[in-house]
1. Roughly how far apart, in whole Å, are the Cα centres of segment 236-251 and segment 206-225?
2. With a cut-off of 8 Å between alpha carbons and a minimum separation of six or more residues, what is the relative contact order of segment 165-242 in percent?
3. What ranking do Trp202, Trp275 get, fewest neighbouring Cβ atoms within 10 angstrom at the top?
4. Across every pair of different alpha-carbon atoms, what Kirkwood hydrodynamic radius in Å does the chain reach?
5. Taking amide H atoms as placed 1.01 Å from N in the peptide plane, list the residues 5 or more away in sequence, or in a different chain, whose amide H sits under 5 Å from that of Ser72.
6. In segment 111-168, which trypsin sites (Lys or Arg not before Pro) are in a loop and have at most 13 other Cβ atoms within 10 Å, using DSSP for the loop call?
7. Would you please name the trypsin sites (Lys or Arg not before Pro) within segment 262-299 that are DSSP coil residues with at most 11 other C-beta atoms within 10 Å of their C-beta?
8. How big is the gap, in Å, between the Cα center of segment 280-312 and the Cα center of segment 52-69?
Amino acid sequence: MESGSLADVIDVRPEIADAVASGRPVVALESSLITHGFPYPTNFEVVTRMWNEIVAGGATPAAIAVVDGVLSVGLGLDEVDALAARNDTIKVTRANLSFAIGMKMNGGTTVTTTMMAAHATGIGVFCTGGLGGVHRGAFDAGDRRPATLDVSADLEELARTPVVIVSGGVKSILDVRLTLEYLETKGVPVVTLGSDEFPGFWSSSSGIPSPLVADTIDDVVALVGAHRQMGLPAGIVVGVPVPSEFELPLAEAEGVIAQAVAEADDVRGADVTPWLLTRIAELTDGRSEAANKEELANNARHSAQVAVALAAAGGVR
């Protein structure tokens, strides 16, 4: 059997192919947010709001998912709605992408697989919520149990796939400091827009200094341009703080995260993140979820600005 490339199995919808070919700004959207982030119909409402923010900002949304075993780029809102309502989807990662395609499954692409599909399609900007990273206890779990070695595949993908990811930071349930150290080791530029502190997902700050700071979108474009001019292989993380009026204050967030992590002793693997997010929403009477929704809309707004500015500068959308 002859080997091929990822592009050989991607179905790029005409609107996206035309936008990329003509140099218009495009923003990729992951679909694990749709399939595993929120229950239906909240998931569809959240993505629709992100979609509208991107369109209002002058860019074209490109929702990416695996549909009936086809890695599809540029789903329409009707297809997104159908995917959101399904209960037979899986999270599609680099590790199980070939299985999902071979078995003709339906699935939401994670940060990793969305980056892969976006890059293979010529889309250079990707909007997400919170990045995966180094889990608390990955390298030192204390006396309770052995280290889990649980590190998100997002970090390895960022090291080798040159896509600009606009996010609200690293999911706060993770070890943010170690995640930033890991990204530095992998040569991934991490820049925060308009703040000296790295954003805290639900909170406007994580309390950790940002590795790099961009005062304006033009500064982000300059960074991306220099990065690509040198042919560096890594992606770029652009952190955007959630507006302070919608945030879950950092001290409160840390308190409920610590409680949820302590209660999650028997939860393992891919179940850890959704379990913790659900438990924290319960502990905050839904305020963490509300902050997450505002963060996603804010990220979409800024993703469009980045894509439009890059397209105007002649860079990859």
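1. 15 Å
2. Value for segment 165-242: 43 percent.
3. On the way: Trp202 33, Trp275 17.
The fewest-first ordering by Cβ neighbours comes to Trp275, Trp202.
4. Details: mean 1/r = 0.0515 Å⁻¹.
It works out to 19.4 Å.
5. Here the answer is Asp11, Ala65, Val66, Val67, since their amide H atoms fall under 5 Å of that of Ser72.
6. Details: sites: Arg136, Arg144, Arg160; in loops: Arg136, Arg144.
Hits after loop and neighbour filter: Arg144.
7. Numbers: sites: Arg268, Arg279, Arg287, Lys293; in loops: Arg268.
Those that pass, being in a loop and sparsely packed, are Arg268.
8. 15 Å
All of the numbers you see were taken from the coordinates with simple rules; none came from a lab. Predicted, not measured: the structure shown is a model, and the values here were computed from it. Counting neighbours? That spans all protein chains shown, and the Cβs are built from the backbone with ideal geometry, glycine included.
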